[in-house]
Amino acid sequence: MARIAGVNIPTNKRLDIALTYIHGIGRVKAMEICAKTGIDPATRVNKLTEGEVIKIRETIDRDYLVEGELRREVAMNIKRLVDLGCYRGLRHRKRLPVRGQRTHTNARTRKGKAKPIAGKKMVTK
């Protein structure tokens, strides 16, 4: 099992798919990494040599923001918005959708389970 950026990469998967297990690397970035290192994306992870794994690891460390660093940067960006008190920061603080989605009927994932309101009846037609 190869370990890249602190993540155990699955051994029996193709390299371009296996790299997506790292937070911050999707299919497009995985293909870019394969192109930069000169490794065929269809290669299975268990067939990689130690030198190829090192080459992939160095490329990711040098060119991409992944795992803990990426999570930290995203958290700091959200904290900055909340501290500023801008509209997006207030939405983050209230745990409501930030990007303009409607909340009257939807947004259950963000708002949580529906809470019944005393004295309000459901209207049925």
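The values are calculated or read from the model by the stated rules, or taken from the named source; none is laboratory data. Just so it is clear, the structure is predicted and the values come from calculations on it, not from any experiment. FYI the Cβ positions are ideal-geometry reconstructions off the backbone, even for glycines, and counts take in every protein chain you see. Quick note on the areas: whole protein, heavy atoms, side chains included, nothing else; ligands and nucleic acids left out. Shrake-Rupley method; radii C 1.70, N 1.55, O 1.52, S 1.80 Å.
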Magnitude of the Cβ-charge dipole (Lys and Arg +1, Asp and Glu -1) of region 60-105 about the Cα centre, nearest 20 debye, reported as 500 debye
Say the dipole of the chain comes from +1 at the beta carbon of Lys and Arg and -1 at that of Asp and Glu; which of Gly24, Ala35, Gly89 then lies farthest toward its positive end?
Gly89
Near Leu70, within a Cβ-to-Cβ distance under 14 Å, what is the net charge of the other residues, with Lys and Arg +1 and Asp and Glu -1?
-2
By accessible area of protein heavy atoms, probe 1.4 Å, what ranking do Cys86, Cys34 get, highest first?
Cys86, Cys34
By how many nm would the segment from Arg57 to Arg102 lengthen if fully extended, with 0.36 nm per residue of separation less the alpha-carbon distance?
12.0 nm
With a 1.4 Å probe and all protein chains kept in place, how much accessible area does Glu52 have, in Å² rounded to the nearest 10?
50 Å²
Highest-fluctuation residue, Arg95, Arg57, Arg71 considered, GNM on the chain with Cα pairs under 10 Å:
Arg95
Long-range amide H partners of Thr11, meaning residues 5 or more apart or on another chain whose placed amide H is closer than 5 Å, are none
With the charge dipole of the chain built from beta-carbon charges (+1 for Lys and Arg, -1 for Asp and Glu) about the Cα centre, the Cα from Ile4, Ala75, Val98 projecting farthest to the positive end belongs to Val98
Jot down the radius of gyration and Dmax of region 1-65, Cα atoms only, both in angstrom.
10.0, 26
Kirkwood estimate for the chain, i.e. one over the average of 1/r between Cα atoms, Å:
18.0 Å
Where a ≥ b ≥ c are the square roots of the eigenvalues of the C-alpha gyration tensor, would you call region 60-124 rounded, which needs a/c under 1.5, or, failing that, prolate if a/b is larger than b/c, or oblate?
prolate
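Determine the order of His104, His23 by accessible area, beginning with the largest, at a probe radius of 1.4 Å.
His104, His23
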Accessible-area ranking of Tyr87, Tyr64, Tyr21, largest first, probe 1.4 Å:
Tyr87, Tyr21, Tyr64
